[in-house]
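Structure first, then comments.
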Amino acid sequence: MKSAIIVFPGSNCDGDCFHVLSEVLGQPAEYVFHKEKFSAGDFDLIVLPGGFSYGDYLRAGAIARFSPAMESVLKAAERGKLILGICNGFQILLEAGLLPGAMMKNRDLKFHCHDVYLKVGTADSPFTNLYLPGEVVKMPVAHGQGNYYADEDTIERLKSENRIAFYYSDEKGRVTEKANPNGSAANIAGILNEGRNVLGMMPHPERCAEEILGNADGKKLFKSILEYLEGRSKIGKIGRS
Amino acid sequence: MFKAKINVQFKEGVLDPQGAAIKGALNHLGFEAEDVRVGKMIEVKLKAASLEDARTKVRTMCEKLLANPVLEDYSFEVAEESL
């Protein structure tokens, strides 16, 4: 499992992602600068890390999506390579049209930086196969624009196609208005594309992937990817990859 | 040289959290605001062969980058500027 971590001007979770992939998982990982194009065949997983690419100017992710590296990401997604966008990475995937919908400022206009509980919406993906459907996990969020918006038809489609990977929930897995930190439609914290090879999520699994940090709930996400790529996951192979 | 004034606004039906906060403040000041929507005004000076060409370019800018069609509508005015 070889990973690329795309570094945009303003990325600030690239080091954490690199650490988890290379040290915690013990897999090769490389930084790719946003000005570089790369060959999709060189990597199994491409991570768009969190941060504030281009200072969130205009809209979060709006400028980063035109980076040369993003052209390669679009091609890699088309070929079925796994793409993981975390926080700002999720915003970039939305702006690039790899995932449906858009992000707005948090409902209360505040920057939210705290742990949240998430209910796993589907274990049927390369990213979540080690979780149980309905399992409750804890991960930190850190964002000002995580208020997911999509029209009703899109939300219904995401639900019916089992593409909502994570919902904001309470500790017991109840998906309530109170457990929704930012106003996201349907409490959506993370979604998959149609081919299930692209995941965007606002919470930060890379910040909770080691026992020493007091929370290793995010490690299962990265291990799921490894299990999947090595052909050991219960979900088999998706699409064309 | 042409100058475009571009207005980007949330679509009808999209809840605007900034607008809601400002409405609250206006009402606190006694203005009885019914609805407040916050948008962006972007000014672009550009070179183009004609007014029509400038309008085409500005429309493309809006569609590619300046507005997000999921959330936002745009409108613009373009005028020729004397150097």
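The values are calculated or read from the model by the stated rules, or taken from the named source; none is laboratory data. These figures come from a predicted structure and were not determined experimentally. Counting neighbours? That spans all protein chains shown, and the Cβs are built from the backbone with ideal geometry, glycine included. Heavy atoms of the whole protein, side chains included, go into the accessibility calculation; ligands, DNA and RNA do not. Shrake-Rupley method; radii C 1.70, N 1.55, O 1.52, S 1.80 Å.
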- Item | Subset tally (residues that are open to solvent by 80 Å² or more (accessible area, probe 1.4 Å), more than 14 Å from chain A (Cβ to nearest Cβ) and not in a helix (DSSP H, G or I)) for the range B:44-74 | 3
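Go through A:G101, A:G85, A:G61 for me and flag whichever is among the small types (G, A, S), in contact with a Leu (Cβ under 9 Å, 6 or more places away or on another chain), within 14 Å of chain B (Cβ to nearest Cβ) and crowded, with 24+ Cβ neighbours inside 10 Å.
Sole residue among the options that is among the small types (G, A, S), in contact with a Leu (Cβ under 9 Å, 6 or more places away or on another chain), within 14 Å of chain B (Cβ to nearest Cβ) and crowded, with 24+ Cβ neighbours inside 10 Å: A:G61.
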- Restricted to the range A:105-127 and to residues being in contact with a helix residue (DSSP H, G or I) (Cβ under 9 Å, 6 or more places away or on another chain) and within 21 Å of A:C13 (Cα to Cα), the residue farthest from the other protein chains (Cβ to nearest Cβ) is A:F127
- Item | Odd one out for B:E77 among (1) touching a residue at least 60 places away in the same chain (Cβ under 8 Å); (2) surrounded by fewer than 11 Cβ atoms within 10 Å (Cβ to Cβ); (3) among the acidic types (D, E) | (2)
- Residue in the range A:128-171 that is farthest from the other protein chains (Cβ to nearest Cβ), counting only those that are in contact (Cβ under 8 Å) with a residue 12 or more places away in the chain and acidic (D, E): A:E135
- With (1) over 11 Å from the mean Cα position of the chain (by Cα); (2) within 14 Å of chain A (Cβ to nearest Cβ); (3) open to solvent by less than 50 Å² (accessible area, probe 1.4 Å) as the list, and B:A33 as the residue in question, which single condition is left unmet? (2)
- Note on the structure: When restricted to B:G24, B:G19, the only residue within 12 Å of chain A (Cβ to nearest Cβ), surrounded by 15 or more Cβ atoms within 10 Å (Cβ to Cβ) and under 20 Å from A:N182 (Cα atoms) is B:G19
- Among (1) surrounded by fewer than 24 Cβ atoms within 10 Å (Cβ to Cβ); (2) in contact (Cβ under 8 Å) with a residue 12 or more places away in the chain, A:A189 falls short only on (1)
